[in-house]
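The values are calculated or read from the model by the stated rules, or taken from the named source; none is laboratory data. Source: prediction; values computed, not measured. Reconstructed Cβ throughout: ideal geometry from the backbone, glycine too, with neighbour counts over all protein chains shown. Just so you know, the surface numbers come from the protein's heavy atoms only, side chains and all, with ligands and any DNA or RNA stripped out. Shrake-Rupley method; radii C 1.70, N 1.55, O 1.52, S 1.80 Å.
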Amino acid sequence: MNAGSIMDIGAGDGRVLLELAKKCEHPPDLYAIEKSVVLVQAQPETVTPVGTDFWEQNLACLPVDYIFSNPPYSQ
């Protein structure tokens, strides 16, 4: 995969982002939206948190190549 940047909406501790980054030819910039403070604090330094509430984010401000989400099925 050739990605300059990837964003995960509901990123949790960032482990999926790290796995996706391993599939890239060059290390991509990693961005995350996660509402749990505990999980944001568990994310590695290579993941840049951009917010805690999806509905309050302006995704057009971030020029990312890929955006994905694997949300929980219950709250």
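Listing for the model above:
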read-out: Test for CYS24: is it of a type outside the set (D, E, K, R), surrounded by 15 or more Cβ atoms within 10 Å (Cβ to Cβ), without any contact (Cβ under 8 Å) to a residue 24 or more places away in the chain and at negative phi; value: yes
read-out: For ALA11: the one exception among (1) assigned to a loop (DSSP other than H, G, I, E, B); (2) loosely packed, with under 14 Cβ neighbours inside 10 Å; value: (2)
read-out: Among residues of the range 52-69, those that are in contact with a Ser or Thr (Cβ under 9 Å, 6 or more places away or on another chain), under 21 Å from GLN41 (Cα atoms) and either part of a helix (DSSP H, G or I) or among the hydrophobic types (A, V, I, L, M, F, W, C) (or both), counted; value: 1
read-out: Tally of residues being open to solvent by 90 Å² or more (accessible area, probe 1.4 Å) and in contact (Cβ under 8 Å) with a residue 24 or more places away in the chain across the range 47-64; value: 1
read-out: Residue check for GLN75: open to solvent by 90 Å² or more (accessible area, probe 1.4 Å) and modelled with pLDDT of 90 or more; value: no
read-out: Selection from the range 37-55 of residues that are of a type in the set (Ser, Thr, Tyr) and in contact with a helix residue (DSSP H, G or I) (Cβ under 9 Å, 6 or more places away or on another chain); value: THR46, THR52
